[in-house]
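Accompanying notes for the structure given below.
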Amino acid sequence: MKKYIDDFKVIKNERLNNEYVILTLKHPAKLPAMLPGQFVEVRVDKAPNTFLRRPISIHDVDTEKNTMKLLVQEIGEGTRIMGKLSEGDVCNLVYPLGNSFSLPDKPRVLLVGGGCGIAPLLFMGRHLKANGIEPQFLLGARSSDGLIALDAFKALGTVYTTTEDGSAGTKGYVIHHPVMRTQTPAIDHIYTCGPEAMMKVVAKYARNHAIKCEVSLENHMACGFGACLCCVADTLDGHKCTCTDGPVFDSTYLKW
Ligand code: FES
């Protein structure tokens, strides 16, 4: 898929809580094709200590308005500066990068996310819906204020939630939610993104129940194009770059 480097204009910065913002970026012309699971590399301007672009998942795309949304978790200088971008600012992106989630062979799908890992699942949910598949989302957080952007997910499908402290949804981790255990009808395909510990548990459950499972890895990235090897994942075929071979892998292909 062809890559682009373009200046986008920030048209909205929506703060969700003290950790997350959603940036809406407008492309000056027609947006090129992008697929759920892919990511962008953001150039961070006026950042004295951030020399590398920051990799951010594509959260949503509106091809009619030529806009893209990025869910940004402020965890370092680069993302904190991104979180302060305001209407009219320019945001330079290299995009779209990496591979993407596949469409399922069978219709009953579950998208399981936690933390910033919910980001690509919204775009995937929209893609599934456009292909006639009703998405179900299972989103986990430590507490209720970590359950972000729920309305956008609810607009696309059924949303189940868990919190570790029980302040919203089912108490516990995503793996404890009853929807993971529902076998009639069984889940055919799981898509998951979030903390590695969560994805490993979900992948193990999927393997034990013969459910196809695709995971989107959030490995640390630097260059974003396969040169620095800081993002490698251990697979059945040896080390693979998360930025170019991934970020999406079939869970059975990973040596977990
Ligand atoms: Fe450099 Fe993947 S980020 S090789």
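Observations, loosely collected:
- Straight-distance candidates among the lysines for linking to Lys255, with alpha-carbon spacing under 22 Å and chain neighbours fewer than 8 residues away dropped: Lys200, Lys204, Lys212, Lys240.
- Counting only protein chain heavy atoms and rolling a 1.4 Å probe, the accessible areas of Ile75, Ile133 rank, largest first, as Ile75, Ile133.
- Dimensions in Å of the chain - Rg and Dmax from alpha carbons: 17.5, 55
- You can think of it this way: the chain between Asp165 and Cys230 has 20.0 nm of extra reach, that is 0.36 nm per residue less the Cα-Cα gap.
- Along each principal axis, Cα extent of region 134-240, largest first, Å: 42, 32, 26
- Computed over region 1-110: relative contact order in percent, which uses C-alpha pairs under 8 Å that are six or more apart: 38
- Considering every alpha-carbon pair of region 185-247, the percent of pairs per 5 Å bin, from zero through the bin containing the longest distance, is 4, 19, 22, 22, 17, 9, 5, 2, 1.
- The chain, relative contact order [Cα under 8 Å, separation at least 6], %: 17
- Dimensions in Å of region 1-123 - Rg and Dmax from alpha carbons: 14.4, 49
- Calculated on C-alpha atoms, the gyration radius of region 119-160 divided by its Kirkwood radius gives an Rg/Rh of 0.98.
- Backbone geometry of region 113-118 corresponds, through the Karplus equation with coefficients 6.51, -1.76 and 1.60 at θ = phi - 60°, to 3J(HN,Hα) couplings of x, x, x, 5, x, 6 Hz, x marking Gly and Pro.
- Only lysines eight or more places from Lys30 in sequence, or on another chain, were considered; those with a Cα closer than 29 Å are Lys2, Lys3, Lys9, Lys12, Lys46, Lys65, Lys69, Lys84, Lys129, Lys154.
- Distance-filtered residues of region 48-92 - backbone nitrogen under 20 Å, label point 7 angstrom along Lys30 Cα→Cβ: 61-69
- Residue-normalised accessible area of the chain, given per residue in Å² at a 1.4 Å probe: 47
- Region 125-209: trypsin sites (Lys or Arg not before Pro) in DSSP coil with no more than 15 other Cβ atoms inside 10 Å: Arg142
- Restricting region 1-57 to trypsin sites (Lys or Arg not before Pro) in coil, as DSSP defines it, with at most 10 other Cβ within 10 Å: Lys2, Lys30, Lys46
- Label-to-label distance, Thr182 versus Thr63, with points set 7 angstrom from Cα along the beta-carbon direction: 3.0 nm.
The values are calculated or read from the model by the stated rules, or taken from the named source; none is laboratory data. The model shown is predicted, which means the values in this text are computed figures rather than measured ones. Cβ sites come from the backbone with ideal geometry, for glycine too, and all protein chains shown count toward neighbours. Ligands, DNA and RNA are stripped out before the accessible areas are found, and what is left, the full protein with its side chains, is counted by its heavy atoms. Shrake-Rupley method; radii C 1.70, N 1.55, O 1.52, S 1.80 Å.
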